[in-house]
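Derivation of every value follows stated rules applied to the coordinates shown; laboratory data play no part. Values in this document were obtained by computation on a predicted structure and should not be read as measured data. So basically every Cβ, Gly included, is an ideal-geometry build from the backbone, and we count neighbours across all protein chains shown.
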Amino acid sequence: MKKRESIRWVPGVLAAAVAVQCPMAWAEYEELPTLVVEGETMAPGTFSIQPGTVGTLDAADLLKQVPGGNVNRNGPLTGIAQFRGLYGDRVAVVVDGMAVKNAGPNAMDSRMSAIPSALIQSLRVYRGVTPVSVGLETMGGAVIAKSRQVEFGESERWMPQLFATAGWSSVNDGVFGGGLAGIANQNYRFGFLASHEDGDNYRYNDTDNVKYTNYERQTYQAQFGLQRQGHTFNAAYNHKYTGDSGTPSLPMDIRWIRTDTVNADYRWQLSDTVALKAAMFFQDADHEMTNYHRRNPPADPARWRQNNTDVVAGGYKAALVWSEVMGGELELGVDGDLATHNAFVTNPNNAAFFVRLYNDVNRNRYGGYLEWRGEPVDRLHVNAGVRYRYTYMDAGKVDGTPAIMGQMNPMMRAATILRDRFNAADRRQDQHDVDIALDFNYRLNDNLNLALGLARKTHAPTYQQRYTWLPLESTGGLADGRIYIGDIGLDSEKSYEVVAGFDLNLPQLGSVVHDVYLEPRAFYRYVNDYIQGQAVDPADLGLTAMQWNMFLNMMLPNGCPNNPSGNVANCALRWTNVDAQLYGVDIQGGMALGEHLRVDGVMTYTRGEKLSGKDDNLYRIAPLNGRVRLTYSILDFAFSTEYVGALRQDKVADYNDERKTSDWSVVNVRFQYQPSYKYVQGLKLAVGLDNIFDNRHADHLNGINRVRESRVGLGNRVPNPGRNVYVTMSYTF
């Protein structure tokens, strides 16, 4: 098969990868059936993103360039990964080999924000079924992010390495700067990476902005690597500080988040055919959020809230890899992931008020897997794996002022009953799950590859779904305005999935058209015991209807946040196992027209339906959406214009009063200069204009506004940024 320029084949995986230069990302295609990008500017199959267009440098936005990928956005640094309709913890996010955790129960510090986009080296998403070796839980796929690092040299001579980047965006007066500096030879490497980002509330038209979408973040990382005589060892320490930042779709804003991580990996090539791999990480993060320091506080001082949370987590992985086993490679591995969560709610106006929302909550996972990848017959590549996972969960006893006062106040009596019921329950849960993944890629000829993936994947309940003992908006970033109560006895979700498609690559099609590619995928996923909110029967909680309604009216005096006129009783939901299905298609394709012009595009359609009980649609599923880009390049210059849009979404979830959204489209343009002169070959300069016509529009996956003093109406979907001019540069030495 003839490859496209700058591409390499990774058999058995169809992945979209994004390499970031400046803060922009360029995704190139690898030989079928895999995509990994290590990018040349505007190269064949390229997609680009300008983080300033969304008022943030959040790396989650890179997912919008991936077929099937999208982002649930609750704030400028709170983008939650979505892939083919599944989101949150169902999608594994692996950052520099770490399964990082959110410090807060509403994913304000979403896992995708662990690395600023300006410092990402690559971002990969599997378009087929995700191999079992990738992670402990990959029911919704996996996103693998890698930060920039100093690379080993080719000789014993020490050589410096440098990368610097900076930029400015008009829509939010945002600035960023960062880079990587280090030195390396063939045996050692040392590096230091840093970045700073801040921006104001972004504007959605000429005069109005979205409160509160300001952000502030610093990142620092120290790196070390060693390789010699068949041994390779890498280690890094990372510190991230997020300052005053808004989350307009959540009930609180970020006051600060401090996260420290240490990670290391080791590989030993024992012989020509046997290798040992090992990795570990440790994470310590704490977080403070409030409903009064950014937005106008509640009129009643008794309703001011401060939530302090923390997570201590760690993980490990070890595997033996044998090559030349039945014509392929066999990997046998064990891995584990442990996390402890706490959350303590207070009121700065009342020292006696508290809610111990989560107390010493453990979610520990231990697994083992066996995976084989190779070509059992000519032209057929197979990746087959099986994984066993044991999930241990437990929680300490809880308490709170509402429960204490409920002994005297009838309106709070429900809180006392819920506390005592929770504390008396057997909170330990042990679950045993098995995942199976089969991925087939058949090279029909030099231009056509057929792909088929089959999988059974599982996902254990989150700690919020099990252990939220009071009905609160602690949902992992669901942000539907409802309050939820947990169910200790939830079962694991079990997904049965098929993915099918083909990859067509035509190097020449006539005298003008060449480098044609078309890569569609259709998928169907049935999920048994899918976890979502359902109406609460007070009797299941040991309460009478009167006790329940009195308590809800006390907690929600202004009605349901996203539907104040609705019945308060309908605002409370309980996490429940139901059955659901998701299906759809995502396509990427493009072609070159002559020597200087090319067109590329991506389209995604996903449908989600609840099957058990009353028929309904699943919540927060994007409508048909896509983008097409035309690029003209000559000498050291490149110019592109991009059309981005989505259709109306009227297939919404009734169970949480999800609002419909209208269709929308915007046009972006971009000019880039990358000189080829000897002393400035590493320089890239770009100027762009996004949303040229200043169209007011809102992505369906944007959250609902919760800030009363905003010009955006309370309960309305947060709009996307308006017209934006941005300037970026980077230099690599």
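Data overview
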quantity: Straight-distance crosslink candidates among aspartates and glutamates, where the alpha carbon sits under 13 Å from Lys610 and sequence neighbours closer than 8 are dropped; calculated: Asp529, Asp579, Asp654
quantity: Candidate aspartates and glutamates - alpha carbon under 17 Å from Lys651, same-chain residues fewer than 8 apart omitted; calculated: Asp480, Glu609, Asp615, Asp616, Asp663, Asp699
quantity: Cα-centred dipole magnitude for the chain, charges only on beta-carbon of K, R (+1) and D, E (-1), debye, nearest 20; calculated: 840
quantity: CD proxy at 222 nm, helix term only [per DSSP H run n ≥ 4: -39500 (n - 2.57); per residue of the chain; nearest 500]; calculated: -1000 deg cm²/dmol
quantity: With Cα atoms, 0 to 90° folded angle of helix 545-555 axis to the chain main axis; calculated: 70
quantity: Amide hydrogen neighbours beyond the local backbone of Ser710, cut-off 5 Å, H modeled; calculated: none
quantity: Leading residue at positive end of dipole, the chain (Cβ point charges), from Gly682, Phe440, Leu330; calculated: Gly682
quantity: Sorted largest first, extent of region 66-165 alpha carbons per principal axis (Å); calculated: 49, 31, 25
quantity: Burial ranking of peptide ranges 479-490, 681-692, 109-120 (average Cβ count within 10 Å, highest at the top); calculated: 109-120, 479-490, 681-692
quantity: Size of region 504-590 as Cα extents on the principal axes (Å, biggest first); calculated: 77, 30, 13
quantity: Positive-end residue of Thr138, His514, Gly476, charge dipole of the chain with Cβ unit charges; calculated: Gly476
quantity: Pairs from Lys317/Lys457; Lys101/Lys457; Lys240/Lys678 whose Cα-Cα separation, in the structure shown, is over 30 Å; calculated: Lys240/Lys678
quantity: Total charge dipole magnitude, region 563-636, about the Cα centre, Cβ charges on Lys, Arg, Asp, Glu only, Debye to nearest 20; calculated: 280
quantity: Total charge dipole magnitude, region 266-305, about the Cα centre, Cβ charges on Lys, Arg, Asp, Glu only, Debye to nearest 20; calculated: 200
quantity: Angle in degrees between helix 413-424 and the longest Cα principal axis of the chain, rounded to the nearest 10; calculated: 60
quantity: Estimated Rh, the chain: Kirkwood, alpha-carbon pairs, angstrom; calculated: 26.4
quantity: ³J(HN,Hα), Karplus 6.51/-1.76/1.60, whole Hz, each residue of region 315-329, x for Gly, Pro; calculated: x, 8, 7, 9, 8, 9, 10, 10, 8, 6, 10, 6, x, x, 10
